[in-house]
Amino acid sequence: MVMMDVPTRVVYSRPEALDPRVTHYCPGCTHGISHRLVAEVLEEMGEVENTIGVASVGCSVFAYNYFNIDFVEAAHGRAPAMATGIKRVLPDRMVFTYQGDGDLASIGMGEIVGAASRGELLTVVFINNANYGMTGGQMAPTTLPGQVTTSSPTGRDVKRQGYPIQTAELLSTLDGAAYVVRRSLHNTREVRRAKKALRTAFEVQKHRLGFSLVELLSTCPTNWGMSPVEARDWVEERMLTYYPLGDYKVSPAVAELNL
Amino acid sequence: MAKELIKGNTAVAEAALRVGLEAYFGYPITPQTELLEHLSARMPELGRPFVQAESELGAINMVYGAACTGKRVMTSSSSPGVSLMMEGLSYIAGTEVPAVFVDVVRGGPGLGNIAPAQGDYNQIVHGGGHGDYHLIVLAPASVQEAIDLTGLAFDLADKYRSIVCIMLDGSLGQMMEPAEIPPMQPLKAEIPDWAVRGNSDGDRRILTSINLDPPAQERMNYRLMTRWQEIEANEVRFKSYYLDDADFVVVGFGTAGRIALSAVRAAREKGIKIGLLRPITVAPFPNEVLEELTEKVKGFLVVEMNAGQMLEDVRLVVRGRKPVEFFGRMGGVVPFPDEVLTEIERLVAVPLTTNGHPRDRWLARMADVIG
């Protein structure tokens, strides 16, 4: 074999902010992608050594094992309160929560609304996969009408079980929220857009413009009973109609950031 | 510094910030609210965080987060609010971070009322939250003592990476008394090694209460329990009155102990040889002195503003070797010294028994008074 003297350039590698270990996430789950995006953004901003993460209860309960940054682990739903405590005493640190839909939009609705309305200088990474993943796929506040879960075995009946919560829309009504958007992780284009949104959200915090949240539509192939590819398609076909992607709140100051 | 006339809630708030409270998170609830109100003005003046949370759940979890940074932090509430905080307290205990909270106890159960009571004893002293853990619980009987114990609370929290509760009966929170607040002290300078900070020193720190591996959780519980043994050995505090020659002993904490002291003094004037043991730390409980007293006295009268919650801790030490009687008022009713004096006079006059349960005898006696 002839070795060619070709200059090489690294174009892709694991972010240093991600610990090189195998995660406990299922094949085809998009938690790995969102972890990586958060790590890349913090690294690109030079904030890895200035950040404290707050993990929540759900599949991402062990998120702190996968990031090379300081982390605390909150009680179910309370991550925004815990993050508030940290940010208020260490105002120059970057503080973010990483929460699922059961954690944030059900048991933690009081805490997230409180944090957003106070305009806490936090960034919330909100994973919406339309079910409780860790406990085995029960109905979540985000479960779609008609969606079968282990606790809505005949499909979510909105007359009996109510309607899904559109979190980004809901939080966008609060004046303390400076940046609230919904993105998706179901294809490459949307992954790139999600990363941009996460960058903006962390910049909003860095520039002290208010509360920021990025809702990420995510897959849960195991609990949805689908292959990873089918799960990706299900996001596109089913979730996008109930949860349209878009910028629900971009305060004038955020718009002026011009990232 | 000179003494000033000051309300208990305000005094504790001012004392806390003077001994280095760096952040306060709370939620309004009577009869605690003046504490929150005082800090809402004073903390911003000093450039320190004050957050009125969305709920007691929010408040205790803000404390949890801020405590993870190693700063001196606290919250305060009253009984129904403290019930909501139990989740957070268990997590804080399970993460071994120091925190102080004040429970200004009111009448319950349920929404109850806003009058002074001691009905939170079981919830605070014997757990409340899930899992194996203990709180250090301080029970002052005057505004001055509440001030003094506030400083101690932060020191003990830091020393043992523990939660310390100042259990302030509603009466003490609301009462004005002459008292002296300590001068302003500098904030704690050093960051404990375990505290999260953003891994600026390249040393990643994770603070969590999760231990999925049962043996790991068991080791952690073992550590908590052996630390509690250390606390039991070193941190018991109580006050004794007229115990040297006492034939009978009243045991009471906080406001009930203070009222009982008036009754004990009146009884002494009548020539009754009675003393008072007033636990200041109700957790750790003053078992040792109670054991010594059990050997030498003829009987005990436990006085509380509840249905006999500390009574069970007294009975655990006395173990039927001497008669124990009980007198309490509940639900926000505060006993008069005369009522306690009557109980003392009854104690020394009637034949006592170690059979049966003192609560049953008390309930029977109270049938006409309360029922």
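The values are calculated or read from the model by the stated rules, or taken from the named source; none is laboratory data. None of these values were measured; they are calculated from a predicted model. We place every Cβ from the backbone using ideal geometry, glycine too, and count neighbours over all the protein chains shown. The accessibility values were calculated without ligands, DNA or RNA, using every heavy atom of the protein model including side chains. Shrake-Rupley method; radii C 1.70, N 1.55, O 1.52, S 1.80 Å.
Sorting A:T51, A:T241 by accessible area puts them as A:T241, A:T51; the probe is 1.4 Å, largest comes first, and only protein heavy atoms count. At the residue level, B:H134 shows approximately 70 square angstrom of accessible surface with a 1.4 angstrom probe and all protein chains present. With a cut-off of 19 Å on the backbone N, the residues of region B:83-126 near the modelled label site 7 Å out from B:T226 along Cα-Cβ are B:94-97. Candidates B:A67, A:W224, B:G26 compared by Cα position along the dipole of the protein assembly as shown: farthest toward the positive end lies A:W224, with charges placed on Cβ. With a simple spin-label model that places each label point 7 Å from the Cα along the Cα-to-Cβ direction, the separation between B:A216 and B:W194 comes to 1.6 nm. Rounded to the nearest 20 debye, the dipole size of region A:31-255 about its Cα centre is 300 debye, using +1 on the Cβ of Lys and Arg and -1 on the Cβ of Asp and Glu.
Rounding to the nearest 20 debye, state how big the charge dipole of region B:239-366 is about its Cα centre with +1 on each Lys and Arg Cβ and -1 on each Asp and Glu Cβ.
Details: 18 positive and 17 negative charges, 31 e Å.
Result for region B:239-366 is approximately 140 debye, rounded to the nearest 20.
Burial here means at least 30 square angstrom less accessible surface with every protein chain in place than with the chain by itself, probed at 1.4 Å; in region B:61-104 the buried residues are B:N61, B:M62, B:Y64, B:G65, B:T69, B:K71, B:E87, B:Y91.
Rounded to the nearest 500, what is the 222 nm mean residue ellipticity of chain B from helices alone, with -39500 (n - 2.57) per DSSP H run of 4+ residues and division by all residues?
Helices in chain B give a 222 nm mean residue ellipticity of -13500 deg cm²/dmol.
Projected over all directions and averaged, the alpha-carbon convex hull of chain B occupies 19.8 nm². A 1.4 Å probe run over region B:239-366, with the rest of the protein chains in place, finds 40 Å² accessible per residue.
With the charge dipole of chain B set up from +1 on Lys and Arg Cβ and -1 on Asp and Glu Cβ about the Cα centre, the Cα lying farthest toward the positive end among the listed residues B:N221, B:A141, B:G88 is that of B:A141. For region A:31-255, the number of Lys pairs with C-alpha atoms closer than 28 Å, counting only pairs eight or more positions apart or on separate chains, is 9. Calculated FRET efficiency, B:V369 and B:M176, Cβ-Cβ r, R0 45 Å, to nearest 0.05? Once rounded, the FRET efficiency stands at 0.90.
Oblate is the label for region A:1-155. Its Cα gyration tensor axes, ordered a ≥ b ≥ c, give a/c of at least 1.5 and b/c at or above a/b. With contributions of -39500 (n - 2.57) from each DSSP H run of at least four residues, the per-residue ellipticity at 222 nm computed over chain A stands at -8000 deg cm²/dmol. Of all lysines in the structure, those lying under 16 Å Cα to Cα from B:K322, and not within fewer than 8 positions of it along the same chain, are B:K296, B:K298.
Within region A:220-251, which residues have the backbone N less than 20 Å from the label spot 7 Å out from A:M45 along Cα→beta-carbon, could you tell me? Only A:246-251 pass the distance filter.
Comparing Cα centroids, region B:145-213 and region B:292-337 end up 31 angstrom apart.
When B and A come together, around 2600 square angstrom of accessible surface is lost from both chains combined, probe 1.4 Å.
Here's the picture: charge each Lys and Arg Cβ at +1 and each Asp and Glu Cβ at -1 in the protein assembly as shown, and of A:G133, B:L341, B:G308 the one pushed furthest to the positive end of that dipole is A:G133.
Note on A:A253/B:I206: beta-carbon distance plugged into 1/(1 + (r/R0)^6) with R0 of 35 Å gives a FRET efficiency of 0.55.
Report the extension gain between B:N234 and B:E269 in nm, rounded to one decimal, defined as 0.36 nm multiplied by the number of residues separating them, less their alpha carbon distance.
On the way: separation 35, 0.36 × 35 = 12.60 nm, distance 3.57 nm.
Fully extending the segment from B:N234 to B:E269 adds 9.0 nm.
Shape analysis of region B:80-185 places it in the oblate category; the axes a ≥ b ≥ c from the Cα gyration tensor give an a/c of at least 1.5, with a/b not above b/c. Note on B:S55/B:V333: beta-carbon distance plugged into 1/(1 + (r/R0)^6) with R0 of 35 Å gives a FRET efficiency of 0.75.
Shape call for region A:31-255 from the C-alpha gyration tensor, a ≥ b ≥ c root eigenvalues: rounded (a/c under 1.5), prolate (a/b greater than b/c) or oblate? Judged from the Cα gyration tensor, region A:31-255 comes out prolate (a/c at least 1.5, a/b above b/c).
Could you size up the charge dipole of chain B around its Cα centre, putting +1 on the beta carbon of Lys and Arg and -1 on that of Asp and Glu, and report it in debye to the nearest 20? Walk me through the numbers on the way to the answer.
Working: 36 positive and 47 negative charges, 65 e Å.
That gives chain B a dipole magnitude of about 320 debye.
Paramagnetic label reach from A:M226 (point 7 Å along Cα→Cβ; backbone nitrogen cut-off under 11 Å): within region A:116-156, residues A:130.
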